[in-house]
Amino acid sequence: MTYHLPAGKAAADGPYAVDVTPESAGWGYSSLRVVNLPPGGGHTFDSGGSEWIVLPLSGGCTVGVADDSGDGTFELTGRDSVFDGVTDFAYVPRDARTTVTSAGGGRFALTGARCTRRLPARYVPASSVPVELRGTGNCSRQVNNFGAAGVFECDRLIAVEVLTPGGNWSSFPPHKHDEHRPGEESVLEEIYYFEFTDHDGTPGLGYQRVSPSGRGQGTDVLAEVRNGDVVLIPDGWHGPSMAVPGHHMYYLNVMAGPEPERAWLISDHPDHAWIRDTWPDQPVDLRLPLYTAPERSA
């Protein structure tokens, strides 16, 4: 099994720049697609047995959802890039047909998870997305919790965005979620999708580590990651995600699993968990937040 999929290697024949399915990943639940639309372009997909969130990475779009309960249309303002602001998004239930169109063109992520319950289609404005600063010092990062458990209701899907300033480490201390331990750790398959800022036209890059936890497939990855790369994490300790100096790192996390409770419960690597104890003695990186969510309308 290949766990690091460089840009272009995570696409099957079809419209997607990234197309990770449970079948292609060899697991049961998590999916990620990225579709690039030209100005005036559109894309239609059937959600099948999965729930989806349509998340603009760059540009805005119209999301039309048709199912047995009727039709719904959501206008997503979107953003210029993942480094420029929080975005609004739309939730698409299972067993629906969805059409995404974009007058100006753009790049759009479809984060998905196989599910059982059928929830209603919904629109969420950018102002409702919680922005969290996690860690301190060179472990500082920003988390946009748009699809986090406890923030937005889904059946199985958990999805967040993480922004790591150049030179910092995130997904640290290394942690895992590959063992069912009620109240302590949940089983979640995870996808990382990466983008980076450039510098005077020089593309950015970073590094991702996944080490075996003694469970599952023994996932072991040390990868140089660049724009559009994907890392699959069926099991194992994952972290750090390292942004090289001078280039901010973005990654989109998509998670789902078999647990009856939708929860992000993790265990820190015992060799590195102590780093959390140092965080109260250091300031958060002054470059953060890179941006905040817009104010809610009165």
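Given the DSSP H assignment, sum -39500 (n - 2.57) over each helix run of at least 4 residues in the chain and divide by its residue total; what's the result at 222 nm in deg cm²/dmol, nearest 500?
0 deg cm²/dmol, from helical runs alone.
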In region 90-174, the trypsin sites (Lys or Arg not before Pro) that sit in a DSSP loop and have at most 14 other Cβ atoms within 10 Å of their own Cβ are Arg117
Apply the Karplus curve 6.51 cos²θ - 1.76 cosθ + 1.60, θ = phi - 60°, to the phi angles in region 283-293 and return the couplings in whole Hz, x for Gly and Pro. x, 5, 3, 5, 6, 9, x, 5, 6, 10, 5
Just flag the GluC sites (Glu not before Pro) in region 186-268 sitting in loop per DSSP whose Cβ has no more than 10 other Cβ atoms within 10 Å. Glu261
In sequence order, what are the phi-derived ³J(HN,Hα) couplings for region 206-215 according to the Karplus relation 6.51 cos²θ - 1.76 cosθ + 1.60 with θ = phi - 60°, rounded to whole Hz, with x for glycine and proline? x, 9, 10, 10, 9, 10, x, 9, x, 10
Tell me which residues come under 5 Å, amide H to amide H, from Asp235 once H is placed; ignore anything under 5 positions away on its chain. Thr219
For Thr62 and Ala103, compute 0.36 nm times the residue count separating them, minus their Cα-Cα distance, and round to one decimal in nm. 13.9 nm
Stretch gain in nm, segment Arg122-Arg181, where the contour uses 0.36 nm per residue and the Cα spacing is subtracted: 18.0 nm
Compute the signed sum of charges (Lys and Arg +1, Asp and Glu -1) over the other residues within less than 13 Å, Cβ to Cβ, of Phe146. -2
Contact order normalised by length for the chain, with contacts defined as Cα pairs under 8 Å and 6 or more residues apart; what percent is it? 21 percent
Could you work out the Kirkwood radius for region 4-275, taking every pair of different alpha carbons, averaging 1/r and inverting it, reported in Å? 18.7 Å
Given a Förster radius of 25 Å and the C-beta distance between Thr73 and Asp46 as r, what FRET efficiency does 1/(1 + (r/R0)^6) yield to the nearest 0.05? 0.90
Once phi is turned into ³J(HN,Hα) by the Karplus curve 6.51 cos²θ - 1.76 cosθ + 1.60 with θ = phi - 60°, what whole-Hz value does each residue of region 128-138 show in order, with x for glycine and proline? 9, 8, x, 10, 10, 9, 10, x, 9, x, 7
So for region 1-146, Kirkwood radius off the Cα pairs, Stokes-Einstein at 20 °C and 1.002 mPa s: how many µm² s⁻¹? 133 µm²/s
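Where a number appears in this text, it was derived from the coordinates with a stated rule and is not lab data. In this text the structure is predicted, and so the values were computed from the model without any measurement. Using ideal geometry, Cβ is built from the backbone for each residue, glycine included, and neighbour counts are taken over all protein chains shown.
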